[in-house]
Amino acid sequence: MLCPEFRNFLAQYDICILQESHLYPEEHGSLHPMNGHEIASIPRKYKRIFKKQYGGVVAIYKTACKVKINKLSSTDIMVIELDNLIVVNAYILPEYQTWDSFADVDPFVCLEEILTALREDPRPILLMGDLNARTGTCNITTQTRTSADATVSTQGRALVRKLAELDLIIYNGLVKFGTASGYAMSF
């Protein structure tokens, strides 16, 4: 937060969401937000002490946005309520990693349950984050979707099924947003 380039980047946007913050509980209080901004954080709470901190999600937002962090939020998943939109900031582990040292429920299952509960809300839902769900060109709508990554993972198929069940769509790769929309999202 002390890097001027990073602060200038943040100042351009109303809300910035980050995944894999690696913050310990209450550590976000040591981050000094810019004037007119606030920080919300959901770090992991490990069951065993002295464990290296991974995961976690953070939102840095302008105070004027009147953000409310919804009670459905859980480990690695932050539900951000705005007047006319719900943003879900999620970090979901890769399929081969275990979650039982920091959560009682599989975070992917938790994400599915949160999305199902949020579907009752009339506001649009925007799911963003590092979901580790490779969806290739799987599509839920009749609109053409491209992707630089043709691989479809088990978690990717499960995400597509859940989104279809809830009548939600994947915007990454929709042709109407240009070819860059389908570029790889992970580096």
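If we scan the stretch 11-21, do we find a residue that is touching a His at 6+ places or on another chain (Cβ under 9 Å), open to solvent by less than 40 Å² (accessible area, probe 1.4 Å) and either among the β-branched types (Val, Ile, Thr) or modelled with pLDDT under 85 (or both)? Yes. Only one of the listed residues (Thr116, Thr144, Thr151, Thr75) is open to solvent by 70 Å² or more (accessible area, probe 1.4 Å) and among the hydroxyl-bearing types (Ser, Thr, Tyr). That residue is Thr144.
Taking the numbered list (1) modelled with pLDDT of 80 or more; (2) surrounded by fewer than 19 Cβ atoms within 10 Å (Cβ to Cβ) in turn, Leu131 passes all entries but (2). The residue that is modelled with the lowest pLDDT, among those in the stretch 92-113 that are touching a Pro at 6+ places or on another chain (Cβ under 8 Å) and open to solvent by less than 20 Å² (accessible area, probe 1.4 Å), is Leu93.
The values are calculated or read from the model by the stated rules, or taken from the named source; none is laboratory data. Treat the numbers as computed from the prediction; the structure is a model and nothing was measured. Neighbour counts are summed over all protein chains in view; Cβ atoms, including those assigned to glycine, are modelled from backbone coordinates with ideal geometry. Surface accessibility is based on the protein's heavy atoms, side chains included, excluding ligands, DNA and RNA. Shrake-Rupley method; radii C 1.70, N 1.55, O 1.52, S 1.80 Å.
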